[in-house]
């Protein structure tokens, strides 16, 4: 028992200090690669069952939704819903491929396949991986702005830590050019971001946009919109202003994203 | 443990991982998905006692860590402690009692999630205490309580008689679960 506890603590410590992180990252990647075909195959078989169970849990909401959908069927038929959906997806993808602030940076479009394997972290899974040129720590953009950063990458899939995750910290600029520097921290899925390093009584207006700083060694290229200010105040005798921000990308309803093939050394 | 025993146990763990990574990830209740991998150290502790509970908890925790973005080894540590605690707490109880597995799964799962979040915070991830912890505890505990008996039957098949040797009431427990 003691040996097992010591082994677990050792693994955690080495992983956190970086000594074992390359190994654990590789093992996670290998496990993800090995499990992907199994997951895909089993999903094809059991997805209808999962959907049925999910429907059972949300029976009331599903019934209500069903009634609404029934009422809309005729209209949707007239509008050729399938074509409209495809056109919308194409429009989203096209918009993602022509984001003005990315300049000449190479990108890879990706579809969101899952919204997180853990309830304790804000992550998404996407359907591109090493085979598409994706590497660890690459930035991920959605419609509106920055989504997060690749934290696990396997051959054909990757996991992205969202900017709302508590472990996320993004260096940003705000105010008139060249802009002052600050750091945006996540506080958990669905919660607003908070800003660090903003001096007390800094004049900020609601809706003001913060963009990535792009300092040397920064984890993100410069100029990517991240979030807009939703509230700010300075407490009495506080040395910093307390600022809350809303991510510009709709992180709860992501369907397609773009991975920027960029690293701090690029 | 013979290679055949190990293969059976591996098959059980693999089956749980497949179900977790497919059906359970799609089944979100209040934004939270059930976590049936927590059931493994619990039922292993009930059937095999503290030592087997800790060992299987450590192994299944490491497997769970492969698929989670949280610190690697955290699930292994908490599942190891949980398997040991469950084995110790139930060693003197009548393992044929119908209520034992669901009740222990309910309490054990709640304990697991709270300990997981607390240890995560200690390890430099304070946001793990600021998620919807109450919702996570309720969803995971209740679903695991409901699934405790099927899990007992599956794990009893995976843990052979040789792997539960030395347990005072293990024969009765495994037999009942079968």
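Here are some notes:
- Nearest-ten-degree value, helix B:39-65 long axis tilted from longest Cα axis of chain B: 40 degrees
- Partner chain coverage, peptide A:120-131 - average Cβ within 10 angstrom: 3
- Highest-first arrangement of A:28-41, A:137-150, A:230-243, where packing means the average Cβ count within 10 Å: A:137-150, A:28-41, A:230-243
- Percent breakdown of C-alpha pair distances by 20 Å bin, ordered from the shortest bin, for the protein assembly as shown: 23, 51, 24, 2
- The mean number of partner chain beta-carbon atoms within 10 angstrom of a residue's beta-carbon across peptide A:186-194 is 2.
- Cα-projected label distance for residue A:169 with residue A:238, points at 7 Å along beta-carbon direction, nm: 1.9 nm
- Axis angle, to the nearest 10 degrees, between helix B:74-90 and the longest C-alpha principal axis of chain B: 40 degrees.
- Averaged over A:218-229, number of beta-carbon atoms from partner chains that fall within 10 Å: 0
- D by Stokes-Einstein for chain B, Kirkwood Rh over Cα pairs, 25 °C, 0.890 mPa s: 154 µm²/s.
- Computed E for residue A:130/residue A:7 - FRET, C-beta separation, R0 35 angstrom, nearest 0.05: 0.75
- Per-q log10 I(q)/I(0), segment A:171-247, q = 0.13, 0.17, 0.22 Å⁻¹ (Debye; single scatterer per alpha-carbon; no solvent): -0.35, -0.61, -1.00
- Degrees separating the helix B:3-19 axis from the principal Cα axis of chain B, which is the longest one: 30 degrees
- Protection proxy ranking, peptides B:29-36, B:73-80, average beta carbon neighbours within 10 Å, highest first: B:73-80, B:29-36
- Value of relative contact order over chain B, rounded to a whole percent, pairs C-alpha under 8 Å and six or more apart: 28 percent
- Rounded D (µm²/s) - segment A:130-264, Kirkwood Rh over Cα pairs, Stokes-Einstein at 10 °C, 1.306 mPa s: 104 µm²/s
Every read-out reported here was derived from the displayed coordinates using simple, explicitly stated rules and does not represent laboratory data. A quick note: this is a predicted structure, and the numbers were derived from the prediction, not measured. Glycine gets a Cβ as well: all are built from the backbone with ideal geometry, and neighbour counts include every protein chain shown.
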